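Here is the structure we will look at, set down as structure tokens.
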Amino acid sequence: MPDPIVREIKAPQMDTGSPRPTVTATDTALSLRYFDFDDSAVQIEFSGALAHYFGPPNDEALHGHPLAAFGLTHYAAFEVDNSRWIKDLRDMNRVHPRHVDSLFDSYRHFVWTFHDTTFECVAESFIVSPSS
């Protein structure tokens with residue numbers, strides 16, 4: 001498999017000190033909420049969410065993340081092309097009797113790197129929604 005390509009994407013900038021990220025997830029919905037420099041809430045809604053991760057590394061250990069060698073940096077949002085995570089999810093699903101590899105073609109791997117945590121998800125897309 002080719003190396004992952006990590007590229008920064010356009011998303012509202014988070015407060016680098018205390019963005020207070022929060023993840024809300026069900027089996028059909030996924031959202032990420034955080035605060036920007038003006039202490040305004042930002043709400044990201046993901047459609048077609050398949051999987052997510054919310055946890056380490058923090059900003060001081062981000063260089064230990066497997067994608068750091070491919071361009072993952074601090075306090076930004078990214079998309080990962082040639083995602084090994086999507087490949088692994090597809091490979092796990094191959095035991096399903098009606099599995100078709102192309103079912104995974106629409107999925108994208110997103111990453112937000114916060115001060116104290118990292119958020120990653122596999123979803124089809126996202127939108128920035130108004131938040132209160």
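Any read-out appearing in this document is the output of simple, stated calculations on the displayed coordinates, not a laboratory observation. Just so we're clear, the structure is a prediction, and the values are computed from it rather than from any experiment. A quick note on method: Cβ atoms are made from the backbone with ideal geometry, for glycine too, and the neighbour counts reach across all protein chains shown.
Brief remarks on what is shown
- Phi to ³J(HN,Hα) by Karplus 6.51 cos²θ - 1.76 cosθ + 1.60 over the range 42-54, Hz, x for Gly, Pro: 10, 10, 10, 10, 9, 10, x, 5, 10, 7, 8, 9, 9
- With respect to the chain, whose longest principal axis is taken over its alpha-carbon atoms, helix 84-93 is tilted by about 40°.
- Rounded FRET efficiency, nearest 0.05, which uses the C-beta distance separating ALA29 from ASP101 and R0 of 35 Å: 0.85
- Of PHE46, ALA76, ALA61, farthest towards positive along the dipole that unit charges on Lys, Arg, Asp, Glu beta carbons give the range 11-122: PHE46
- Its DSSP H runs of at least 4 residues, each contributing -39,500 (n - 2.57), put the calculated 222 nm mean residue ellipticity of the chain at -2000 deg cm²/dmol, to the nearest 500.
- Principal axis dimensions, largest first and in whole angstrom, of the range 17-59 by Cα: 31, 23, 11
- Note on the range 1-114: Rg/Rh from Cα positions, Kirkwood definition for Rh, rounded to two decimals, is 0.99.
- Cut-off under 5 Å, modelled amide H: who pairs with ARG108 long-range: ALA123, GLU124
- Dipole moment magnitude, nearest 20 debye, the chain about Cα centre, only Lys, Arg, Asp, Glu C-beta charged: 420 debye
- Three-way shape label, the range 80-121, alpha-carbon gyration tensor, a/c 1.5: prolate
- If you run the Gaussian network model on the chain, springs between alpha carbon atoms under 10 Å, then out of PHE54, PHE78, PHE110 the most flexible one is PHE54.
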